[in-house]
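Everything below concerns the one structure shown next.
The values are calculated or read from the model by the stated rules, or taken from the named source; none is laboratory data. Because the structure is a prediction, the values reported are computed rather than measured. Ideal geometry is used to build each Cβ from the backbone, glycine not excepted, and the neighbour counts take in all protein chains shown.
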Amino acid sequence: MSKKIDNKGITVEKDEFTEWFTQIMLKADLADYTEVSGCIVFKPTAYEMWENIKDIVDEGYGQLGIRNAYFPLFIPEKFLNKEKEHVKGFSPEVAWVTQAGNTKLNERLAVRPTSETIMYPSISKWIRSYRDLPLKLNQWNNVVRWEFKNPVPFLRTREFLWSEGHTAFATQKEAEAEGKDIIELYDGVCREIMALPSLIGRKTEKEKFAGAEYTISMEFYMPNGKAIQGPDFHHDGQKFAKAYGVQFVDKNEKKQYVYQNTFAITTRMLGVMFAVHSDDKGLIMPPMVAPNTVAIIPIFDDKSKKQVLKEAEKIADALEDFGVIYDDREYYRPGFKFNEYEMKGIPLRIEIGKRDLETNSAVVVRRDNGKKESVKIGKLKKYVEETLENIQDNLLKKAEKLLKGAVVSISSFKELESAIKNKKISLTNLCSSVKCEEDLKHKTEGAKVLNIDEKKRVSGKCIICSKKAEYVARVAKSY
């Protein structure tokens, strides 16, 4: 649904998260609503950031021997029904095509919620021998999931973009070993490119991907006190292989089922990045992912125009490798431009006017902390390079501080209730009973297990049933 955008800056504080986040999406020119609820327009800046992330992930996939392919958007119902656990997990989310023009289809077609069920019938024809393994494929595509009522741009949309990796191996050991490589790749991209730390761990049986043997997830903490799941890795074992007949003849000439993995990173991470780093003045972009890292604004009158523009153009040329915006628009005042680039999150703003030329310098303003400094023009390139690195590091440190401050250890249900009320992530003793997880969610009015902290030593009793605890779980309210 379309919303009107006023010309003012952000009119609410970050504490009013939903309205604040929506204003940033619209006013920083990142996205727009459409008439289809839960389906947004990715405007060029947001899409360019996604392409930057995509390129880096794609390079990492290539180093792991993963190749890109593409499979159809539509999935015949008979394919979707072959793996019962998977189908049960996705049934509420599936959008169906039942008619083409005026003709009713003989079989319903699912609009891709995920691609296992369309890929594996084909893969079963391609794998015949152990020599065909491992098979490592990835798709960059869109999916549709329709299960929720309250969409939030980027964070929870009915259509989103992602990478979905699908790999097949001869042995379980080979398949599971891939998990470490994939999570390391995703963690590197999130931390080093988006300046986002996460909590990595195994999902519980209740929360794992439908059809997987187990799921490793990366969980992020949002400034409104909610957690949100990011990239993940699923070891599927032989479940899909048996459902879709994905077999091979091994070295002993015996037929075996392959072991499979799936993994993904999505455009949700854009929303997490926007929310974690931005402030009451607008968007803040980490330099490593920003399409443009420097905005140059010449300030002149009729007398100084020629001289100022000439020097500003030289600076723009010298800094072209940093993705420069050179703004010599005369129909907007400098103050308007300052506010615009602050709102849009450009990491550095360079101002140069007649007075600056007299000292052979320019004023550089950081978006992350507002620090302003006069820098000699001859030293600008080195200063910009070092400052962008510093901004990137600073954003990561701030995000790490936010995450660290959100995690608390609790030892009683009363402490758990208090932690959830205070918007914390609780380290909680639990057994592996699905019923205990369901009771926890009910008693806390919506908190759930994000994943398991596998580095924590387990001792004590389950906080719900008082039986022996089997793991330390991270519990919080989440998207």
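Okay, here's what the table says:
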{"quantity": "Subset tally (residues that are under 24 Å from PHE160 (Cα atoms) and basic (Lys, Arg)) for segment 90-135", "calculated": "2"}
{"quantity": "Per-region count, segment 458-479, residues in a loop (DSSP other than H, G, I, E, B) and under 24 Å from PHE154 (Cβ atoms)", "calculated": "2"}
{"quantity": "Test: residue in segment 289-303 that is farther than 30 Å from GLY271 by Cβ, free of Cβ contacts under 8 Å to residues at least 40 places away in the same chain, surrounded by fewer than 18 Cβ atoms within 10 Å (Cβ to Cβ) and in contact with a Pro (Cβ under 9 Å, 6 or more places away or on another chain)", "calculated": "no"}
{"quantity": "Those residues of segment 146-159 which are under 17 Å from SER478 (Cβ atoms) and assigned to a strand (DSSP E or B), in sequence order", "calculated": "VAL152, ARG156"}
{"quantity": "Top-ranked residue of segment 395-427 - restricted to ones that are exposed (fewer than 14 other Cβ atoms within 10 Å of the Cβ) and not polar (S, T, N, Q), ranked as farthest from GLU219 (Cα to Cα)", "calculated": "LYS414"}
{"quantity": "Subset of segment 199-230 that is of a type in the set (Ser, Thr, Tyr) and surrounded by 22 or more Cβ atoms within 10 Å (Cβ to Cβ) - its residue that is farthest from GLU438 (Cα to Cα)", "calculated": "TYR221"}
{"quantity": "Identity of the residue in segment 8-18, exposed (fewer than 12 other Cβ atoms within 10 Å of the Cβ) and acidic (Asp, Glu), that ends up farthest from the chain's Cα centre (by Cα)", "calculated": "GLU13"}
{"quantity": "Filter result (touching a helix residue (DSSP H, G or I) at 6+ places or on another chain (Cβ under 6 Å) and buried (at least 21 other Cβ atoms within 10 Å of the Cβ)) within segment 231-247", "calculated": "PRO231, PHE233, HIS235, PHE240, TYR244, VAL246"}
{"quantity": "Sole exception among (1) touching a residue at least 24 places away in the same chain (Cβ under 8 Å); (2) over 20 Å from VAL143 (Cα atoms); (3) crowded, with 20+ Cβ neighbours inside 10 Å for GLN23, by number", "calculated": "(1)"}
{"quantity": "Set ILE56, ILE10: member being among the hydrophobic types (A, V, I, L, M, F, W, C), touching a residue at least 40 places away in the same chain (Cβ under 8 Å) and not in a helix (DSSP H, G or I)", "calculated": "ILE10"}
{"quantity": "Boolean, ALA419 is within 30 Å of PRO287 (Cβ to Cβ), of a type outside the set (S, T, N, Q), part of a helix (DSSP H, G or I) and modelled with pLDDT of 95 or more", "calculated": "no"}
{"quantity": "Qualifying residue in segment 304-316 (condition: in a loop (DSSP other than H, G, I, E, B), small (Gly, Ala, Ser) and within 32 Å of the chain's Cα centre (by Cα))", "calculated": "no"}
{"quantity": "Test for ALA195: is it outside any helix (DSSP H, G or I), buried (at least 16 other Cβ atoms within 10 Å of the Cβ) and at positive phi", "calculated": "yes"}
{"quantity": "Selection from segment 432-457 of residues that are surrounded by 15 or more Cβ atoms within 10 Å (Cβ to Cβ) and assigned to a loop (DSSP other than H, G, I, E, B)", "calculated": "SER432, SER433, THR444, ALA447, ASP453, LYS456"}
{"quantity": "Where a residue in segment 437-462 is more than 15 Å from VAL407 (Cα to Cα) and its partner, wherever it lies, is among the polar types (S, T, N, Q) and part of a loop (DSSP other than H, G, I, E, B), with Cβ under 8 Å and at least six apart", "calculated": "GLU437/THR204; GLY460/SER411; CYS462/SER433"}
{"quantity": "In segment 355-384, the residues that are out of contact with any strand residue (DSSP E or B) (no Cβ under 8 Å at 6 or more places or on another chain) and either in a helix (DSSP H, G or I) or among the small types (Gly, Ala, Ser) (or both)", "calculated": "ARG355, LEU357, GLU358, GLY370, GLY378, LYS379, LYS381, LYS382"}
{"quantity": "Filtered residues of segment 335-357 (kept if surrounded by fewer than 19 Cβ atoms within 10 Å (Cβ to Cβ), closer than 20 Å to ASN369 by Cα and without any contact (Cβ under 8 Å) to a residue 60 or more places away in the chain)", "calculated": "GLY335, PHE336, PHE338"}
{"quantity": "Residue count, segment 358-370 (criterion: without any contact (Cβ under 8 Å) to a residue 40 or more places away in the chain and over 29 Å from the mean Cα position of the chain (by Cα))", "calculated": "6"}
{"quantity": "Complete set of residues in segment 317-341 that are hydrophobic (A, V, I, L, M, F, W, C) and either part of a helix (DSSP H, G or I) or farther than 20 Å from THR387 by Cβ (or both)", "calculated": "ALA318, PHE322, PHE336, PHE338"}
{"quantity": "Residue check, ALA110 out of contact with any Asp or Glu (no Cβ under 9 Å at 6 or more places or on another chain), on the phi < 0 side of the Ramachandran plot and not polar (S, T, N, Q)", "calculated": "no"}
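Let's see how each residue does on (1) outside any strand (DSSP E or B); (2) among the acidic types (Asp, Glu); (3) buried (at least 19 other Cβ atoms within 10 Å of the Cβ):
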position	(1), (2), (3)
LEU109	no, no, yes
THR114	yes, no, yes
LYS125	yes, no, no
SER163	no, no, yes
LYS173	yes, no, no
GLY188	yes, no, no
